[in-house]
1. Let me know the shape class of region 21-90, please: from the alpha-carbon gyration tensor, a ≥ b ≥ c as square roots of the eigenvalues, rounded when a/c is under 1.5, otherwise prolate if a/b is greater than b/c, or oblate.
2. Between residue 199 and residue 96, what is the label-point separation in nm under the 7 Å Cα-to-beta-carbon projection?
3. Report ³J(HN,Hα) in whole Hz for each residue of region 89-105, in order, from the Karplus equation J = 6.51 cos²θ - 1.76 cosθ + 1.60 where θ = phi - 60°; Gly and Pro get x.
4. Dipole of the chain (Lys/Arg Cβ +1, Asp/Glu Cβ -1, origin at the Cα centre): which of 8, 175, 159 lies farthest to the positive side?
5. Rounding to the nearest 20 debye, state how big the charge dipole of the chain is about its Cα centre with +1 on each Lys and Arg Cβ and -1 on each Asp and Glu Cβ.
6. Binned at 10 Å from 0, what are the whole-percent values of the Cα-Cα distance distribution for the chain, short to long?
7. On the protein heavy atoms, probe 1.4 angstrom, tell me the percent of accessible surface of the chain carried by carbon and sulfur.
8. Which of rounded, prolate or oblate describes region 87-126 when judged by the alpha-carbon gyration tensor and an a/c cut-off of 1.5?
Amino acid sequence: MSLQESLAWRYATKKFDSSKKIDADKLNNLLQTVKLAPSSYGLQHYEIVVVEDAAVRERLKEAAYGQSQLTDASQVIVFAAETKIDEEYVKNYISETAAMRQMDREKLADFEKTILGAISRQSDEQKLNWSHKQAYLALGVLIGAASELGIDNCPMEGYDGGKFDEILGLKEKGLTTSVIVTIGYRAEDDQYGKLAKVRKKDEDLFIRI
Ligand SMILES: Cc1cc2nc3c(=O)[nH]c(=O)nc-3n(C[C@H](O)[C@H](O)[C@H](O)COP(=O)(O)O)c2cc1C
């Protein structure tokens, strides 16, 4: 299927078949694709938590107002934004870039200065907002990639972020929940899968100048 056909096939899955699990190779394929998502300056301002533990998922479900996807999907993926994009974070990124591209770190001095300038002009709140945006971009890549692999998915914002952070121990890691997506396989009787897609008309969506 083309990406367009895959996205027409997918829908925000409300009821997963809890007996079906995504096999390890497929999950890894999905994660490796998400890893290729672009980010501002390439900083990848987030980490991706893959939750499979049943007891943890029960707690997450409670914090997500009882939404069944949290326990019935094959995995819960949590995009967690970096809360500390500081000088050290940027310096590490530049060192990593130099090492991966086998180049002299000095050659990246201008690039490093540009990023350090960009972060120095932002408040902590602005930087966190910036991180969240990158996480959402990765979410979009995941949704497309999962759909192409025939993996059902439901992006979700309906949860208490503070409780998610606490359950997953994110604060200690310098992270906070941005957005989540549950992945797995739809239950045959999920009525939402049979509904027509509702999207804006072309003339209300596309502005051509
Ligand atoms: C950021 C985001 C948050 C969402 N939060 C939830 C949620 O908490 N629970 C849920 O069942 N669906 C959630 N949805 C699914 C949307 O309601 C759904 O994508 C939208 O109605 C369009 O339907 P479709 O994805 O089936 O085409 C969310 C979608 C997005 C993109």
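1. Details: a/c = 3.10, a/b = 1.53, b/c = 2.02.
In terms of gyration-tensor shape, oblate.
2. Label-label distance for residue 96 and residue 199, simple model: 3.4 nm.
3. So the J values, rounded to whole Hz, are 4, 5, 4, 4, 5, 5, 4, 5, 4, 4, 5, 5, 9, 6, 10, 5, 4.
4. Going by the charge dipole, the pick is 8.
5. Approximately 480 debye in magnitude.
6. 8, 29, 32, 21, 9, 1
7. On the way: 6240 of 12350 Å².
Of the solvent-accessible surface of the chain, carbon and sulfur hold 51 percent.
8. Numbers: a/c = 3.87, a/b = 2.16, b/c = 1.79.
Prolate, since a/c reaches 1.5 and a/b exceeds b/c.
The values are calculated or read from the model by the stated rules, or taken from the named source; none is laboratory data. Source: prediction; values computed, not measured. Counting neighbours? That spans all protein chains shown, and the Cβs are built from the backbone with ideal geometry, glycine included. Please note that ligands, DNA and RNA were not included when accessible areas were found on the heavy atoms of the full protein model with its side chains. Shrake-Rupley method; radii C 1.70, N 1.55, O 1.52, S 1.80 Å.
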